[in-house]
Amino acid sequence: MFFSFKNFLKATLFLFSILIIILIFSSISYYLIEKNQIKKNVMDIEEYSPISTLKVPENPIKRAKFPFVDVHSHQWNMAIKDLSGLVKEMNDLNMKYMINLSGSGVATFSGNQSLMDLNLSKSVKNIRENYPRRFGVFVNLKFNNINDNDFGSKSAEILENAVNEGAIGLKIYKNLGLDLKDSKGNRVKVDDKRLYPIWEACAKLNIPVLIHSGEPSPFFDPVDKFNERFLHARQKPKSFRPPEKYPSFDTVMNEQYNMFKNNPKTIFINAHMGWMANDLDKLEKHLDSLPNVYTEIGAMIGELGRQPRRARKFFIDYQDRIMFGKDSYKKSEFDVYFRVLETDDEYFDYYRKRHGLWKMYGLNLPDEVLKKVYYKNALKLFPSIDEQLFE
């Protein structure tokens, strides 16, 4: 059939007319829906931000009552960073010492150990030349060559060199047990025996291992109206771990427990309270059975602040095993940590809605407990920190 240019124009105009009609009806529909929502006070959960009418004492705190060590921070560009601005902020907060867990810098994600080692060396050099008493760095390792016969010995050698350079610990990222695969495509479990030479080397070198395994348990659950981290799933969907792609939360946690148990000479810092801040009975049993394990509160103040009586008891009972950590560094967010730990304030806001749609309450910890959490427990694990900073 002959298709003339005239017929082509007619067909194009017809399709264009249909598209215009669809756009007009769509615009009208959206307008009517929006008007109806406004009329019925329908809004998205992210928009709803009620101002409380509750009248209770408020004691916002911008500076910690006692000097503290942040054992869980990330400064990805420390090798080239001008540290003076950061130190000024630390002074304002009363933070005397910061541990940068990302000592090998952004190069960590390249999988190039030589580049990582260079970043570590430059980070240590920057600290020594400018603020040698205020910062410590952890070394990071690549695991993508775990199938190599000399993986264990090479990793131990890298650790020894890093400690001689000035590193004070080893940080393990959450890809272990979740995304990390060996050369055969198999998931590398947290308790993989091929990693044991690393833990043994850390014990020999007398440095702790801070490990982030898994994610909060709701990240492994169905994303539905029953999931209390639903908003997090909407804003950060890649954080969630669907069962068709990832092991279960319990699987990863059990692997981590086995690794702790089977390496009793190694000191481990179970980051983020081991994702058990929402089940402190379980965390108590965990610590009771693992004398080589400490924990820290990075990104967990939201969990603690919603259960002040139970959390206060936990801090008092386990005051020798808990350290202060923040995770991502932002000066304006520390005040919530101070307020939860130090005051008995009621019903105040957390700084990030997606972490929990609830209010915070203060634990009002005793001074001696605060001192242990803020710095004394860290001084036990990191003898290179100058104790005079805390006098």
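The table below gives the values:
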| item | result |
| --- | --- |
| Within region 214-240, tally of residues that are buried (at least 19 other Cβ atoms within 10 Å of the Cβ) and of a type in the set (Lys, Arg) | 1 |
| Neighbours by Cβ (under 7 Å, 6+ apart or cross-chain): first from region 236-252, closer than 14 Å to residue 221 by Cβ; second assigned to a loop (DSSP other than H, G, I, E, B) and of a type in the set (Lys, Arg) | none |
| Region 264-285: number of residues that are more than 20 Å from the chain's Cα centre (by Cα) and either buried (at least 21 other Cβ atoms within 10 Å of the Cβ) or not assigned by TED's automatic domain parsing to the domain that holds residue 222 (or both) | 1 |
| Region 211-227 residues that are in the same structural domain as residue 237 (by TED's automatic domain parsing), paired with ones that are aliphatic (A, V, I, L, M) and assigned to a loop (DSSP other than H, G, I, E, B) (beta carbon under 6 Å, 6 or more apart) | 213/190 |
| Single match in 373, 369 (criterion: in contact with a helix residue (DSSP H, G or I) (Cβ under 6 Å, 6 or more places away or on another chain) and at negative phi) | 369 |
| Any hit, region 135-147, residues being of a type in the set (D, E, K, R) and assigned to a strand (DSSP E or B) | no |
| Answer residue from region 351-381, given it is hydrophobic (A, V, I, L, M, F, W, C) and surrounded by fewer than 19 Cβ atoms within 10 Å (Cβ to Cβ) and is farthest from residue 305 (Cα to Cα) among those | 379 |
| Qualifying positions in region 67-87 - charged (D, E, K, R), under 14 Å from residue 132 (Cα atoms) and not in a loop (DSSP other than H, G, I, E, B) | none |
| All helices (runs of 4 or more DSSP H) inside region 299-391 with 2 or more residues being farther than 27 Å from residue 206 by Cβ and free of Cβ contacts under 8 Å to residues at least 60 places away in the same chain | 301-305, 308-317, 334-342 |
| Subset of region 293-312 (residues that are surrounded by 15 or more Cβ atoms within 10 Å (Cβ to Cβ) and either touching a strand residue (DSSP E or B) at 6+ places or on another chain (Cβ under 8 Å) or basic (Lys, Arg) (or both)) | 293, 294, 295, 296, 297, 298, 299, 301, 302, 305, 306, 312 |
| Any pair with Cβ under 9 angstrom, 6 or more apart, that starts in region 182-204 at a residue that is free of Cβ contacts under 8 Å to residues at least 60 places away in the same chain and surrounded by fewer than 20 Cβ atoms within 10 Å (Cβ to Cβ) and ends at one that is assigned to a helix (DSSP H, G or I) and among the hydroxyl-bearing types (Ser, Thr, Tyr) | 197/153; 197/155 |
| Members of region 136-184 found to be in contact with a Phe, Trp or Tyr (Cβ under 7 Å, 6 or more places away or on another chain) and closer than 20 Å to residue 98 by Cα, listed by number | 136, 167, 168, 169, 170, 171 |
| Those residues of region 88-113 which are in a helix (DSSP H, G or I) and either of a type in the set (Phe, Trp, Tyr) or touching a Lys or Arg at 6+ places or on another chain (Cβ under 9 Å) (or both), in sequence order | 89, 90, 92, 93, 105, 108, 109, 110, 113 |
| Residue that is modelled with the lowest pLDDT, among those in region 167-187 that are in contact with a helix residue (DSSP H, G or I) (Cβ under 9 Å, 6 or more places away or on another chain) and more than 24 Å from residue 273 (Cβ to Cβ) | 182 |
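Okay, residues lined up against (1) more than 18 Å from residue 259 (Cα to Cα); (2) in the same structural domain as residue 245 (by TED's automatic domain parsing); (3) buried (at least 19 other Cβ atoms within 10 Å of the Cβ); (4) touching a residue at least 40 places away in the same chain (Cβ under 8 Å):
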{"site": "116", "(1), (2), (3), (4)": "yes, yes, yes, no"}
{"site": "129", "(1), (2), (3), (4)": "yes, yes, no, no"}
{"site": "137", "(1), (2), (3), (4)": "yes, yes, yes, yes"}
{"site": "150", "(1), (2), (3), (4)": "yes, yes, no, no"}
{"site": "165", "(1), (2), (3), (4)": "yes, yes, no, yes"}
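The values are calculated or read from the model by the stated rules, or taken from the named source; none is laboratory data. Just so it is clear, the structure is predicted and the values come from calculations on it, not from any experiment. Glycine gets a Cβ as well: all are built from the backbone with ideal geometry, and neighbour counts include every protein chain shown.
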